[in-house]
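Derivation of every value follows stated rules applied to the coordinates shown; laboratory data play no part. What you see is a predicted model, and the numbers here were worked out from it, not measured in a lab. Positions of Cβ are generated from backbone atoms using ideal geometry, with glycine treated the same way; all protein chains shown enter the neighbour counts.
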Amino acid sequence: MSILEVVAGALLLLVALRQWRGRPRDESEPELPKWMEAIDAFRAPKAAGAGVLLSAVNPKNLLLTVSAAAAIAQTGIGAGEQAIALAVFVLVGTLGPAVPVAIYFGMGRRAVHVLDELKTWMERHNAAIMAVLCLLIGAKLIGDGISGL
């Protein structure tokens, strides 16, 4: 498991470096891929399907999930406790998409302005956000893997 953590951590560091180098360097609007622009027009069923597809197929998500599973398995706790730890991981991982949904339903019409500003900010800073997340998680995985060797 320690070797898997070091490898997963190293891959995340490479992803972080790639994201950081690919980030926009000026204040211009980053050009979004066509599929991301099309998402704004999706209705609920198509949006739900796209969400499942993007979360299940995304290599970054897959790498993070495998890393979390390895970390949980390495603790030596029982199967029931591992299931609880995995459920907590899934719950925390779900907060990202759940917060905008809660804002939408909780704020009603006022949510449009808030969510539009949030979307604009995240589009502009997406590469930097992903780089920092991958860097932090990758460094932790490498540290855990090295300490386990």
Could you tell me which residue out of Pro24, Leu53, Thr94 lies farthest along the dipole of the stretch 1-146 toward its positive end? Charges go on the beta carbon: Lys and Arg +1, Asp and Glu -1, centred on the Cα centre.
Leu53
Less than 22 Å apart at the alpha-carbon level, and either on another chain or at least 8 residues along: which lysines does that give for Lys34?
Lys46, Lys60, Lys119
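Using the 10 angstrom Cβ neighbour count as an exposure proxy, how do Met122, Met1 rank, fewest first? The partial results should precede the final answer.
On the way: Met122 11, Met1 14.
If I rank by nearby Cβ atoms, fewest first, I get Met122, Met1.
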Cβ density ranking, 10 Å radius, fewest first, applied to Leu136, Leu115 yields Leu136, Leu115
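Fewest Cβ neighbours within 10 Å first, please rank Lys46, Lys140 accordingly. Mind showing how you got there, number by number?
Working: Lys46 12, Lys140 15.
Ascending number of Cβ neighbours within 10 Å: Lys46, Lys140.
As a check on your grasp of the helix formula, calculate [θ] at 222 nm for the chain: sum -39500 (n - 2.57) over DSSP H runs of n ≥ 4, divide by the residue count, round to the nearest 500. Each step should come with its number before you reach the end.
On the way: 6 runs with 122 residues, N = 149.
One gets -28500 deg cm²/dmol as the mean residue ellipticity at 222 nm.
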